[in-house]
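Colleague: Take a look at this one; I'll ask things after.
The values are calculated or read from the model by the stated rules, or taken from the named source; none is laboratory data. Values in this document were obtained by computation on a predicted structure and should not be read as measured data. All Cβ positions, even for glycine, are placed from backbone atoms using ideal geometry, and neighbour counts span all protein chains on display.
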Amino acid sequence: MDRLKVRHLAVRDDDGMLVGVLSARDLLRLRAAAAIDLDDTIEHARDAAELAASWSMLAGVVRSLLGEAIDPRVVAEIISDELCSLTRRAAVLAEQQMQIEGHGPPPCAYAVLVLGSGGRGESLMAPDQDNAIVFADGEPDGPEDSWFKNLGARLADMLDISGVPYCKGGVMAANAAFRGSLGTWKRRVEDWVRRLRPQDLLNVDIVYDLRPVHGDTTLAAQFIEYAYDRAHAEPVFAKLLGEQMTTGNPFTVFGGFQLENGRLDIKKHGLFAIVATARTLAIRHGIRERSTRARLEQLIALDIGGEPDMKAMLAGHAMLVGLLLAQQTRDIYAGIPVSNRVEINALAREQQAQLKSLIKRLQSAPDLVRDLMFTSPATLGQ
């Protein structure tokens, strides 16, 4: 499929009728399942302890896939899928728990959302929680909100016990800022698009990466459609998101990397700039794709940003994800806490040179975003 550039295969029955579609990721899942059927163990977990036992198997699955030279971006998609499955199962168990304890069924329809890298399909090893809840009706601190506050707290606790720690930034449905009715979320969006300072939009960007994982997907679709429509209609909003982007300078005066214990945080100094560039320009130019890869491909298709710059970001994104997953997997098996820092001297000289060239190029990413914020395909190249 890679050789022929085919992403999906049609499945037909004995009569030649189309009955389904298989993606490359579906087939890769089966290859990972030769070692362990992680999805199945998550789906049938009966409590947090069983979820934790399932989640602990992830490192072996990832190491197996990387050992088969699978595109690291596809491996990250699989990690995200499992994170979403874990969140979905934790939500189901939390809801069951509440009913057993006499809190009753959900007061209205709702959806659990995974935000950030999990929503984009770009999770690395040891992700923390980024989730939210949207429900059909109710006001802040009302009876519906109180019920979902309880659910959000139980969801957070269960995920933490399972091995997905609490979000240090508070991006969890247990936090009132990441929980609300559809009407409440729409009012939040109206507030966001009227802000005048980038610092007032902390953690707003990752909402535009959301993926519904449990409950009423129609609610989630209504919310994200509204959020994108309003953001696209208010150019200053995307401009402020772009102004949040800072790459930092990881270079010494002699052009080498400033290392800490021989390592460099390549998420902070590289990956973040690519993800933020793709997301900000996607919001500004009405692109509804979630993944960084798909967003960059759409920008290329619309002739926004110039093909060389966007293709360099595509290649850079693949390289950085690959370096991080490889390092994180090695660290897990060496008993070293997982981080976003890569051991530079462990890389081949060619890899070091490529990494240095990429990060130098990404220093100008904020300028690129500013330049492309108010352009359009119709005016490019004229």
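Colleague: Scan the stretch 286-311 for residues that are of a type in the set (D, E, K, R), surrounded by 15 or more Cβ atoms within 10 Å (Cβ to Cβ) and either touching a strand residue (DSSP E or B) at 6+ places or on another chain (Cβ under 9 Å) or without any contact (Cβ under 8 Å) to a residue 12 or more places away in the chain (or both) and jot them down.
Modeller: Glu289, Arg290
Colleague: With the requirement that a residue be assigned to a helix (DSSP H, G or I) and more than 30 Å from Glu82 (Cβ to Cβ), what does the stretch 208-244 give you?
Modeller: Answer for the stretch 208-244, where residues must be assigned to a helix (DSSP H, G or I) and more than 30 Å from Glu82 (Cβ to Cβ): Asp229, Arg230, His232, Ala233, Pro235, Val236, Phe237, Ala238, Lys239, Leu240, Gly242, Glu243.
Colleague: Out of the residues in the stretch 245-270 that are in contact (Cβ under 8 Å) with a residue 60 or more places away in the chain, among the aliphatic types (A, V, I, L, M) and part of a loop (DSSP other than H, G, I, E, B), state the one that is farthest from Arg188 (Cα to Cα).
Modeller: Leu259
Colleague: Report yes if Leu281 is crowded, with 21+ Cβ neighbours inside 10 Å, modelled with pLDDT of 95 or more and out of contact with any Cys (no Cβ under 9 Å at 6 or more places or on another chain), otherwise no.
Modeller: It is true that Leu281 is crowded, with 21+ Cβ neighbours inside 10 Å, modelled with pLDDT of 95 or more and out of contact with any Cys (no Cβ under 9 Å at 6 or more places or on another chain).
Colleague: For Ile304, state whether it is farther than 21 Å from Gly118 by Cβ, in contact with a helix residue (DSSP H, G or I) (Cβ under 9 Å, 6 or more places away or on another chain), assigned to a helix (DSSP H, G or I) and aliphatic (A, V, I, L, M).
Modeller: no
Colleague: In the stretch 325-379, what count of residues is obtained for those that are touching a residue at least 60 places away in the same chain (Cβ under 8 Å) and not in a loop (DSSP other than H, G, I, E, B)? First the steps, then the outcome.
Modeller: Here is the first cut: in the stretch 325-379, the ones touching a residue at least 60 places away in the same chain (Cβ under 8 Å) are 325-326, 328-329, 332-333, 338-345, 355-356, 358-360, 362-363, 365-366, 368-370, 372-377.
Right, trim to not in a loop (DSSP other than H, G, I, E, B) and you get 325-326, 328-329, 332-333, 341-345, 355-356, 358-360, 362, 365-366, 368-370, 372.
Here the count works out to 23.
Colleague: Let me ask something additional. Take Asp216 and decide whether it is modelled with pLDDT of 95 or more and over 17 Å from Glu289 (Cβ atoms).
Modeller: yes
Colleague: Sticking with this structure for a sec: Return yes when Ala32 is farther than 30 Å from Gln96 by Cα, surrounded by fewer than 12 Cβ atoms within 10 Å (Cβ to Cβ) and modelled with pLDDT under 90 and no when it is not.
Modeller: Criteria not met by Ala32.
Colleague: Any idea which of Val92, Val11 is within 30 Å of Lys149 (Cα to Cα) and either β-branched (Val, Ile, Thr) or modelled with pLDDT under 95 (or both)?
Modeller: Val92
Okay, residues lined up against (1) out of contact with any helix residue (DSSP H, G or I) (no Cβ under 7 Å at 6 or more places or on another chain); (2) crowded, with 23+ Cβ neighbours inside 10 Å; (3) at pLDDT below 95:
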{"position": "Asp37", "(1), (2), (3)": "yes, no, yes"}
{"position": "Thr41", "(1), (2), (3)": "no, no, yes"}
{"position": "Ala48", "(1), (2), (3)": "no, no, no"}
{"position": "Ser56", "(1), (2), (3)": "yes, no, yes"}
{"position": "Gly60", "(1), (2), (3)": "yes, no, yes"}
{"position": "Ser64", "(1), (2), (3)": "no, no, yes"}
{"position": "Ala69", "(1), (2), (3)": "yes, no, yes"}
{"position": "Ala76", "(1), (2), (3)": "no, yes, no"}
{"position": "Ser80", "(1), (2), (3)": "no, yes, no"}
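Colleague: Taking the conditions exactly as written (closer than 30 Å to Met125 by Cα, surrounded by 15 or more Cβ atoms within 10 Å (Cβ to Cβ) and either in contact with a Gly (Cβ under 6 Å, 6 or more places away or on another chain) or at pLDDT below 95 (or both)), does Ala173 satisfy them or not?
Modeller: So Ala173 passes the test.
Colleague: Could we say that Ile100 is β-branched (Val, Ile, Thr) and buried (at least 16 other Cβ atoms within 10 Å of the Cβ) here?
Modeller: no
Colleague: For residues that are within 20 Å of Asp81 (Cβ to Cβ) and assigned to a helix (DSSP H, G or I), tally how many sit in the stretch 105-149.
Modeller: Of the residues in that region, 5 qualify.
Colleague: Hey, another quick one. Pull up the stretch 130-156, narrow it to residues that are closer than 24 Å to Met57 by Cα and within 21 Å of the chain's Cα centre (by Cα), then point me to the one that is surrounded by the fewest Cβ atoms within 10 Å (Cβ to Cβ).
Modeller: Ranking the qualifying residues of the stretch 130-156, first place goes to Ala156.
Colleague: Return a yes/no flag: does the stretch 213-222 have any residue that is surrounded by fewer than 16 Cβ atoms within 10 Å (Cβ to Cβ), over 30 Å from Leu358 (Cβ atoms) and either among the polar types (S, T, N, Q) or over 19 Å from the mean Cα position of the chain (by Cα) (or both).
Modeller: Yes, the stretch 213-222 contains a residue that is surrounded by fewer than 16 Cβ atoms within 10 Å (Cβ to Cβ), over 30 Å from Leu358 (Cβ atoms) and either among the polar types (S, T, N, Q) or over 19 Å from the mean Cα position of the chain (by Cα) (or both).
Colleague: Can I ask one more? Answer yes or no as to whether Arg120 is surrounded by 20 or more Cβ atoms within 10 Å (Cβ to Cβ) and of a type in the set (Lys, Arg). Give the derivation first.
Modeller: On the way: surrounded by 20 or more Cβ atoms within 10 Å (Cβ to Cβ): yes; of a type in the set (Lys, Arg): yes.
Taking the combined requirement at face value, the residue satisfies it.
Colleague: Can you say whether Gly262 is out of contact with any Phe, Trp or Tyr (no Cβ under 7 Å at 6 or more places or on another chain) and surrounded by fewer than 16 Cβ atoms within 10 Å (Cβ to Cβ), as far as the supplied structure shows? Spell out the reasoning first.
Modeller: On the way: out of contact with any Phe, Trp or Tyr (no Cβ under 7 Å at 6 or more places or on another chain): yes; surrounded by fewer than 16 Cβ atoms within 10 Å (Cβ to Cβ): yes.
Here the answer is yes, as Gly262 does meet what is asked.
Colleague: Sort out which residues of the stretch 228-238 are touching a helix residue (DSSP H, G or I) at 6+ places or on another chain (Cβ under 8 Å) and either buried (at least 16 other Cβ atoms within 10 Å of the Cβ) or modelled with pLDDT of 95 or more (or both), and write them in order of number. Give the steps one after another, and end with the answer.
Modeller: First, pick out the residues of the stretch 228-238 that are touching a helix residue (DSSP H, G or I) at 6+ places or on another chain (Cβ under 8 Å): 228, 230-232, 235, 237-238.
Across the stretch 228-238, the qualifying residues are Tyr228, Arg230, Ala231, His232, Phe237, Ala238.
Colleague: Tally up the residues in the stretch 176-203 that are exposed (fewer than 14 other Cβ atoms within 10 Å of the Cβ) and either part of a loop (DSSP other than H, G, I, E, B) or among the basic types (Lys, Arg) (or both), please.
Modeller: Summing the residues that are exposed (fewer than 14 other Cβ atoms within 10 Å of the Cβ) and either part of a loop (DSSP other than H, G, I, E, B) or among the basic types (Lys, Arg) (or both) in the stretch 176-203 gives 5.
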